[in-house]
Amino acid sequence: MNCPVCRQPMIVLELDQVEIDHCTTCGGIWLDAGELELLLGDSVEKDGFLASFEADAAGGEKHRRCPICSKKMEKVVCGAEKRVRIDRCRRNDGIWLDEGELEEIVTLSSLGRHNRVLDLLKDMFAKKAQ
Ligand SMILES: [Zn+2]
Ligand SMILES: [Zn+2]
């Protein structure tokens, strides 16, 4: 699968038994449909957070194309303050997160304390930096 931003082939990483596609060039992450739910795990906050996803009519950022179906993705904002803006395939193939956005999501959604994903991400990027 190629990165929707730089069109380079992405590598597959295993994060808490979920396979994610990661672009080492721009640091973005592609999650197939359902993988974010898996990463966020079991918690009460997860449902509230996932319910906060809302199409962002304002737009502004450049639209990316879905790496699976090649159609333009829609901008979606999420979190209590709608601060994180991500790209989502309109056919629900998955979501695209720019570098740091997955960490932001985990932090903003108050899932950090229940969740191993943040630690795993830190590990992952620490390894990359070495
Ligand atoms: Zn990239
Ligand atoms: Zn798609």
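Numbers below:
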item	result
Centre separation in Å (Cα based) which lies between region 52-88 and region 1-34	17
Gaussian network model of the chain, Cα within-10 Å springs - most flexible of 27, 94, 79	27
Sum of -39500 (n - 2.57) over DSSP H runs of 4+, divided by residues of the chain (222 nm, nearest 500)	-7500 deg cm²/dmol
Using a Förster distance of 22 Å, the FRET efficiency for residue 38-residue 58 (Cβ separation, nearest 0.05)	0.15
Residues 40, 31, 120 arranged by fewest to most Cβ contacts within 10 Å	120, 40, 31
Cα-projected label distance for residue 25 with residue 92, points at 7 Å along beta-carbon direction, nm	3.1
Computed log₁₀ I(q)/I(0) - Debye formula, equal Cα scatterers, no solvent, region 5-44, q 0.19, 0.24, 0.35 Å⁻¹	-0.56, -0.78, -1.19
Charge-dipole axis of the chain as Lys and Arg at +1 and Asp and Glu at -1 on Cβ define it, positive-most pick from 30, 84, 9	9
Cα-based radius of gyration of region 11-129 once divided by 2.2 N^0.38 Å, which approximates compact folds	1.00
Point-to-point label distance, residue 123-residue 6, nm (Cα→Cβ direction, 7 Å offset)	2.4
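No lab work stands behind these numbers, since they all come straight from the coordinates. Source: prediction; values computed, not measured. We place every Cβ from the backbone using ideal geometry, glycine too, and count neighbours over all the protein chains shown.
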